[in-house]
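Here the structure comes first, spelled out in structure tokens, and everything after it is commentary.
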Amino acid sequence: QVQLVESGGGFVQAGGSLRLSCAASGSSFSIALMSWYRQAPGKQRELVAVITNNGGTNYADSVKGRFTISRDNAKNTVYLQMSSLKPEDTASYYCKGQWGLTSYWGQGTQVTVSS
């Protein structure tokens, strides 16, 4: 069983930055496909960024150029560096880890961006 624990959310003014972290328990983190999702009130959960086991990345169009996903396999941790934050980035952010056909989710961390 894998546990994912997010941290780093908070309240920030528009234009500011935050870095989210997601720490994974268990072994084999280095082979996992790791992703960040977000869900705003009344909206569906959406993919924000993904990083493969060899460091390949992909981003939602809405965050390209502003967000950066990275991973530290030695620390079993994936990060989401968020810059130039906008009020529309306000959401609960969730970490997802995928090992083959099995996925695990974190509990989420709230990000609130004021205008």
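Details
- Tallying residues that are farther than 15 Å from residue 77 by Cβ and surrounded by 12 or more Cβ atoms within 10 Å (Cβ to Cβ) within the range 34-48 yields 8.
- If only residues of the range 14-28 that are among the polar types (S, T, N, Q) and more than 12 Å from residue 89 (Cβ to Cβ) are counted, the one that is surrounded by the fewest Cβ atoms within 10 Å (Cβ to Cβ) is 27.
- Subset of the range 62-94 [part of a loop (DSSP other than H, G, I, E, B), closer than 16 Å to residue 47 by Cα and open to solvent by less than 40 Å² (accessible area, probe 1.4 Å)]: 63, 66, 90
- For residue 3, the conditions (1) touching a residue at least 12 places away in the same chain (Cβ under 8 Å); (2) under 17 Å from residue 80 (Cα atoms) are fulfilled apart from (2).
- Pair list, Cβ under 9 Å, 6 or more apart: the range 6-25 residue under 10 Å from residue 83 (Cβ atoms), other residue assigned to a strand (DSSP E or B) and open to solvent by 50 Å² or more (accessible area, probe 1.4 Å): 17/81; 18/81; 19/81
- Residue within the range 24-39 that is on the phi < 0 side of the Ramachandran plot, part of a loop (DSSP other than H, G, I, E, B) and in contact with a helix residue (DSSP H, G or I) (Cβ under 7 Å, 6 or more places away or on another chain) present: no
- Pick from the range 50-61, criterion in a loop (DSSP other than H, G, I, E, B) and either of a type in the set (Lys, Arg) or open to solvent by less than 50 Å² (accessible area, probe 1.4 Å) (or both), ranking: nearest to residue 98 (Cα to Cα): 52
- Number of positions in the range 63-104 that are free of Cβ contacts under 8 Å to residues at least 24 places away in the same chain and of a type in the set (S, T, N, Q): 4
The values are calculated or read from the model by the stated rules, or taken from the named source; none is laboratory data. Just so it is clear, the structure is predicted and the values come from calculations on it, not from any experiment. No Cβ is skipped: glycine too gets one built from the backbone with ideal geometry, and neighbour counts run over all protein chains shown. Note: areas computed on protein heavy atoms with side chains; ligands, DNA, RNA excluded. Shrake-Rupley method; radii C 1.70, N 1.55, O 1.52, S 1.80 Å.
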